[in-house]
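Here the structure is laid out as structure tokens; the discussion comes afterwards.
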Amino acid sequence: MIELGSRMRSQPAPARVVWASLIRPRDPVARQWLDLLDDEVDPQILDCLEPSLVVWSSLWTDRLDERIRFDIEPDGYESRLRWTLLTPGPQPAASRIGHMRFRLNVLVNERLRRSYGQ
């Protein structure tokens, strides 16, 4: 797999809470944060290890082979979350990679973060 992008940022929730949010992004009792665009689909869980790892299938209908890996580390009462966008190849155009990285930042580092009250 080829890495197309990665970013780590703190999340204002414990690792187990972040893990649960990624495993069940549409949980009806939690704040909704996975707001997808028209060309995006709900991810499937391909792999997980509580509370440190979640791997999603692609969000993008035109790039179904991509994978999104989430590595979660405890950090006191909070956690650190790294997303990594992976592809088996070939790589999309640079503008497409930029769009996919931007969307992951919006979804994870803005929407998910806000779902915890930040």
query = Using a Gaussian network model of the chain with C-alpha springs under 10 Å, which one of 24, 96, 82 is most mobile by mean-square fluctuation?
reply = 96
query = Stretch residue 26-residue 6 to full length: gain in nm at 0.36 nm per residue minus the Cα-Cα span?
reply = 4.9 nm
request  = Working from the alpha-carbon coordinates of the stretch 34-97, get Rg over Rh, Rh being the Kirkwood radius.
outcome  = 1.02
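Using a 1.4 Å probe, what is the accessible area per residue for the stretch 1-110, in Å²? Mind showing how you got there, number by number?
On the way: 5860 Å² over 110 residues.
On a per-residue basis, the stretch 1-110 sits at 53 Å².
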key: Principal axis dimensions, the stretch 1-56 - Cα atoms, whole angstrom, descending   = 33, 27, 21
remark   = hull vol. (C-alpha, convex hull) per residue for the chain, Å³ -> 94
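The values are calculated or read from the model by the stated rules, or taken from the named source; none is laboratory data. Fair warning: this is a prediction, and the values are worked out from it, not measured in the lab. What goes into the accessible areas is simple: the full protein's heavy atoms, side chains included, and nothing from ligands, DNA or RNA. Shrake-Rupley method; radii C 1.70, N 1.55, O 1.52, S 1.80 Å.
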